[in-house]
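For reference, the structure is listed below as structure tokens.
The values are calculated or read from the model by the stated rules, or taken from the named source; none is laboratory data. Since we're looking at a predicted model, the values are computed, not measured. Cβ placement follows ideal geometry from the backbone for every residue including glycine, while neighbour counts extend to all protein chains displayed. Please note that ligands, DNA and RNA were not included when accessible areas were found on the heavy atoms of the full protein model with its side chains. Shrake-Rupley method; radii C 1.70, N 1.55, O 1.52, S 1.80 Å.
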Amino acid sequence: MLISWELLKYFIEIVPSVSPEELAERLTFSGSEVEGITYTAGMMKGIVAARIDSLEHHPSESKYYIAHLDTGTARHICVTSAKNMKRGDMVFYAGEGSGLPDGTVMGTRDFHGVQSYGMMLSAEELGLHDVDDPSGLLILQDDAIPGDDARKLYHIGDVILDVSITPNRGDTLSHLGMAREIKGLYPESVLRTPEWLNPLRQDKDWCEDFGTISLPDKGCFSYRLGLATGAKIYDSPLTAKIDLAHLGMRPINNAVDVTNYVMLMLGQPLHAFDLNTLPAREITVRAAHDGEHMTTLDGKDRALTERDMLITSGGEAIALAGVMGGEQTGIKDDTSTIVIESASFSPIRVGHTSRRLGINSEAAFRFSRTVDPTLSKSALMAACALMREWCGAEVNYRPLFAENEIYAPKPITLTRKKLATYLSWDNMTEATRILEGFGIAHVKGDVDERVFMPPTW
């Protein structure tokens, strides 16, 4: 599990302040082994934001352009063959003596009689693979100011912790889950709530336009469906694309990126369907028929068995539940009406399908290790909030909901004798303090026996 230092700050203020290395050591000794730490900016130095004040064709080579750049304190001339920029655009500029993430040091170069001082950069040259077209310059958002240090913009200078999560700790497969874990290790720390997790007003009905959600397969514990209308499909905000790339996920488009971003932040896998491509205005979650086939998003035909669980519409399979969506209903460039799935599935069923078909998706990885069954509601609301922000969509619709089973945590008793037996230590007061730091509430009991209620996660 890759954890972003910058994104952790959205969920927790660690007190006392610690370095990534100190946190890694504490996590490792508590059971969440940190296998590596990556400084994403590498050996980058001296790269700044610059405004293209003017552009002109090279006097003798038509494939080149001469850009005059403003870095806030100086002006520079740079020659490029890129074609995706215009006057007024903000770009990243590596001047003479500056260094790229891979350690390359910039100098001057003669382009058929015109001196180019350093270079303007693509996402690839910044080490941001899959963030943007490598053949063009990375065009910055309007919030960049000439002279801004590239390391401090858009989380380019992030620190990524590679944490090995044991199979019984599916609750830590997210930034929220890791923040809760850190809170237990550093009790004085303060948990935070990002703005996009604040309650969203959703009071418009649309159930008459859609129909029903049916759950004949008990392997689907609950199923929520949100609606976003008037969405515009294009690139996600630059910071989000860079965050996703740092966390090992390829940015696709703003709608799909929302679902992946929420999953990485909260731990709840989501799926977005193009409403207008659903075979019918209804959803049924059922067991597959032996020999049934469907084509998944990766374009592969999948042969199914009755142990596999399907999301269907009008009797047709549109997704492998908890594993991967179908090709037919994926988000396209012309999609405008999106339905967002947020569900709770059996870890046994999802794990079986994932292993049998060899589909090691991020969703299956989480569901097979158990996802908090109560998380689907808040995760769907968060996805709707980001759909509004990133896609310009209308999202004030009441989610549709169906359920088979509501998980209820059960109390657990801890005795002084059990503590002494397993830990050779029997301080019930200190044990209570530690457990409550991880969100495990003390509900009753005395010095020799206490009852605790574990949280749903």
Answer yes if at least one residue in region 433-452 is exposed (fewer than 13 other Cβ atoms within 10 Å of the Cβ) and in a helix (DSSP H, G or I), and no otherwise. yes
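For residues in region 24-41 being assigned to a loop (DSSP other than H, G, I, E, B) and closer than 11 Å to ARG151 by Cα, which is least open to solvent (accessible area, probe 1.4 Å)? Even if it seems obvious, please write down each step before you answer.
Here is the first cut: in region 24-41, the residues assigned to a loop (DSSP other than H, G, I, E, B) are 30-32, 40-41.
Keeping just the survivors that are closer than 11 Å to ARG151 by Cα gives 40-41.
Values: THR40: 32, ALA41: 4 Å².
Checked region 24-41; the qualifying residue least open to solvent (accessible area, probe 1.4 Å) is ALA41.
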Options GLY113, GLY118: the member that is open to solvent by less than 50 Å² (accessible area, probe 1.4 Å), farther than 22 Å from LEU247 by Cβ, out of contact with any Pro (no Cβ under 7 Å at 6 or more places or on another chain) and of a type in the set (Gly, Ala, Ser): GLY118
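Identify, from the list GLU282, GLU341, the residue that is in contact (Cβ under 8 Å) with a residue 12 or more places away in the chain, closer than 20 Å to PHE221 by Cα, open to solvent by 30 Å² or more (accessible area, probe 1.4 Å) and acidic (Asp, Glu).
GLU282
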The number of residues in region 222-235 that are part of a loop (DSSP other than H, G, I, E, B), touching a helix residue (DSSP H, G or I) at 6+ places or on another chain (Cβ under 7 Å) and open to solvent by 10 Å² or more (accessible area, probe 1.4 Å) is 4
Quick one: would you say GLU21 is open to solvent by 40 Å² or more (accessible area, probe 1.4 Å) and not in a helix (DSSP H, G or I)? no
So GLU6 fits all but one of (1) of a type outside the set (Ser, Thr, Tyr); (2) more than 19 Å from PHE438 (Cβ to Cβ); (3) in contact with a Ser or Thr (Cβ under 7 Å, 6 or more places away or on another chain); what number is the exception? (3)
Within region 287-318, how many residues turn out to be outside any loop (DSSP other than H, G, I, E, B) and surrounded by fewer than 20 Cβ atoms within 10 Å (Cβ to Cβ)? 6
Total residues in region 65-99, condition over 17 Å from LEU140 (Cα atoms), open to solvent by 30 Å² or more (accessible area, probe 1.4 Å) and in contact (Cβ under 8 Å) with a residue 40 or more places away in the chain: 4
Select, from LEU414, LEU380, the only residue that is open to solvent by less than 40 Å² (accessible area, probe 1.4 Å), assigned to a helix (DSSP H, G or I) and of a type in the set (A, V, I, L, M, F, W, C). LEU380
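Let's see how each residue does on (1) free of Cβ contacts under 8 Å to residues at least 40 places away in the same chain; (2) in contact with a strand residue (DSSP E or B) (Cβ under 7 Å, 6 or more places away or on another chain):
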position	(1), (2)
GLY267	no, no
LEU275	no, yes
LEU278	no, yes
HIS289	yes, no
ASP301	yes, yes
ALA317	yes, yes
ALA321	no, yes
Yes/no for GLU6 being closer than 27 Å to ALA245 by Cα and not in a strand (DSSP E or B): yes
Those residues of region 383-411 that are surrounded by fewer than 20 Cβ atoms within 10 Å (Cβ to Cβ) and either on the phi > 0 side of the Ramachandran plot or under 15 Å from the mean Cα position of the chain (by Cα) (or both) come to a total of 1
For region 151-205, give me each residue that is in a strand (DSSP E or B) and not hydroxyl-bearing (Ser, Thr, Tyr). VAL159, ILE160, LEU161, ASP162, VAL163, VAL190, LEU191, LYS204
Please list, ordered by first then second residue, the pairs with beta carbon atoms under 9 Å, 6 or more apart or interchain, first in region 191-213 and under 24 Å from ALA280 (Cβ atoms), second acidic (Asp, Glu). LYS204/GLU394; PHE210/GLU282; GLY211/GLU282; THR212/GLU282; ILE213/GLU282
Close pairs (9 angstrom Cβ cut-off, 6 or more residues apart or separate chains): more than 17 Å from ASP70 (Cβ to Cβ) and open to solvent by less than 90 Å² (accessible area, probe 1.4 Å) in region 129-154, in a loop (DSSP other than H, G, I, E, B) and among the acidic types (Asp, Glu) anywhere: ASP132/ASP235; LEU138/ASP132
Out of all the residues in region 42-59, is one or more open to solvent by less than 50 Å² (accessible area, probe 1.4 Å), within 22 Å of ASP243 (Cα to Cα) and in a loop (DSSP other than H, G, I, E, B)? yes
